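Worksheet: one structure, shown below.
The values are calculated or read from the model by the stated rules, or taken from the named source; none is laboratory data. Because the structure is predicted, anything quoted here is derived from the model rather than measured. Cβ placement follows ideal geometry from the backbone for every residue including glycine, while neighbour counts extend to all protein chains displayed. To get the accessible areas, we keep the full protein, side chains included, count just its heavy atoms, and leave off ligands, DNA and RNA. Shrake-Rupley method; radii C 1.70, N 1.55, O 1.52, S 1.80 Å.
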Amino acid sequence: MTPLHAIASGARTARIMVVGAGVVGVATAWALARRGHRVTIVDQRSGPGEGTSFANGAQLSYAYTDALASSALLKRMPGLLVGADPAFRLSLHADLSEIRWLLRFLRQCSSAAFEANTLAGLELGLESRAALHALLDRHPLEFAHAIPGKLHLHETAAGFAAACALADVKRRHGAEQLALSPAEAVAIEPAIGERRARLTGAIYSPQDAVGDPHRFCIALTDLLVRVYGMEPWFDVAVAGVTLSGGEMQVTFANGRILVADHVVFCTGMAPPIAPLRTALAGRVMPMKGYSFTADPGAAAPRVSITDVARKIVFCRLGDKVRVAGLAQLGRRDQTVDPADVAALIAAARAALPGAAAYDSAFNFWAGHRPMTANSLPVIQAIAPGLSVNLGHGMLGWTYAMGSAERAADLVGEMVSA
């Protein structure tokens, strides 16, 4: 049963179906259930958090919300097109939706757009942090959550200078970020001591956190079922949605039909069903990334680390270390390529040799990070009774709780209209 105190005065209780049980989907289900709605969550996989949320980088980067599109990236685009950067590859096709996405992306590469998108992401990130803390104050969940802070390591003077300037802007908008010398960075995290000679500086975000997204999905789903009466449906794929008689009819691949007052898709990428296919064409592009998990090495960091040059993150999750990296824009498959795994391990070993027991690494994973051109999620109404909360890119875990609150507010307005 939904606790009565969770129902806002005058609010309409509606039957809401959330499609997608990753971090964004379960967070959205939580935000809706807390507002008194009756929630059903469905996912084509066998349990919560088994897709993109299963083994991502695990960093909650509330202060590091830098948009992908920038003037700096635009200058590097010719090299990326010919594969000059092994950590960031473009795999584009002669597809109209990809061309539309690329044109949108290029329009976001100005300095003004980069700053605006980054600050909009920062606002959402700070909302997310507050929402997660509110959840944990009310319902302590176990998912290896910790607040160790994060260090972004810079080796070039130009890159560090740009990062310092952006940190100044972010501080004026509520972020806590500090520019550190190599010596100051090593004092905070001695495990990076062997990198000191190569570092120009580091940006430190002391309030950034970590957490296992898969365990979060499982724990929050269990809470929603036990306390809020949520109905979970797994191993079911949505084949279509239609509005009929003031209700949304959701048709599954097995032929079954369920009805709801409202359906919200939290699927990362937009599924190829009408009307989503038309409304979101060219809005979201897959960014394939990899991760692996390992036991801590002899010099495993406690602080979360991002190696800017190699685009690799190191994250301590309890008694394990999660390492994630590679960005393959436009790659639609989610297969784990052994060559890519080997490249990630080699790059991680070169960055921090003692961070992990690389020779016995396990849980090799690949998944999509669905990117929008401006690096901000799409939270909007698509049609009467239908909305989306997707396209969170590389910051899906970071943005999940904040975007869920925004999506739940949107759904509330729609069902009350």
Query raised in the report: If all Cα-Cα distances of the chain are sorted into 20 Å bins from 0 onward, what percent lands in each bin, rounded to whole numbers?
Result: 27, 58, 14, 0
Report summary line: At q = 0.13, 0.18 1/Å the base-10 log of I(q)/I(0) from the Debye formula over the alpha-carbon atoms of the range 279-382 is -0.52, -0.85
Requested in this report: Run through all the Cα pairs of the range 172-262 and give the fraction in each 5 Å bin from 0, expressed as whole percent.
Outcome: 3, 10, 11, 10, 9, 10, 7, 6, 8, 9, 8, 7, 2, 0
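Can you list the GluC sites (Glu not before Pro) in the range 32-134 that are in a DSSP coil and have 14 or fewer other beta carbons within 10 angstrom? Present the calculation step by step, with values, prior to reporting the outcome.
Numbers: sites: 50, 98, 115, 123, 127; in loops: 50.
For GluC sites (Glu not before Pro) across the range 32-134 that sit outside H, G, I, E and B with at most 14 neighbouring Cβ atoms in 10 Å, the list is empty.
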Report task. Leaving ligands, DNA and RNA out of it, report the carbon-plus-sulfur percent of the accessible area of the range 291-362 at a 1.4 Å probe. Result -> 60 percent
Query raised in the report: Once every DSSP H run of n ≥ 4 in the chain is given -39500 (n - 2.57) and the sum is divided by its residues, what mean residue ellipticity at 222 nm do you get, rounded to the nearest 500 deg cm²/dmol?
Result: -11000 deg cm²/dmol
Report task. Work the Kirkwood hydrodynamic radius out for the range 323-417: mean of 1/r over every pair of different alpha-carbon atoms, inverted, in Å. Result -> 16.1 Å
Query raised in the report: If you bin the C-alpha pair distances of the range 84-133 every 5 Å from 0, what whole percents do you get?
Result: 4, 16, 13, 15, 19, 16, 11, 5, 1
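Please report, in whole Å³, the volume per residue of the convex hull around the C-alpha atoms of the range 124-163. All intermediate terms of the calculation are to be shown ahead of the outcome.
Working: hull volume 3.7 nm³, N = 40.
Hull volume normalised by residue count: 92 Å³.
Quantify how much of the Cα-Cα distance distribution of the range 229-309 extends past 16 Å, in percent.
Numbers: 2244 of 3240 pairs.
Above the 16 Å cut-off, the range 229-309 has 69 percent of its Cα pairs.
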Query raised in the report: In nm, to one decimal, how far is the modelled label at residue 181 from the one at residue 257, with both set 7 Å along Cα→Cβ?
Result: 7.2 nm
Query - Cα Rg, Dmax (largest Cα-Cα span) when computed across the range 46-196, Å - result: 18.4, 51
Query raised in the report: For the chain, with every protein chain kept in place, what is the accessible area per residue (1.4 Å probe, Å²)?
Result: 39 Å²
Query raised in the report: Between residue 332 and residue 196, what is the spin-label point distance in nm, taking each point 7 Å from the Cα along the Cα→C-beta axis?
Result: 5.1 nm
Report summary line: Heavy-atom accessible area of residue 266, protein chains in place, probe 1.4 angstrom, given in Å² to nearest 10, is 10 Å²
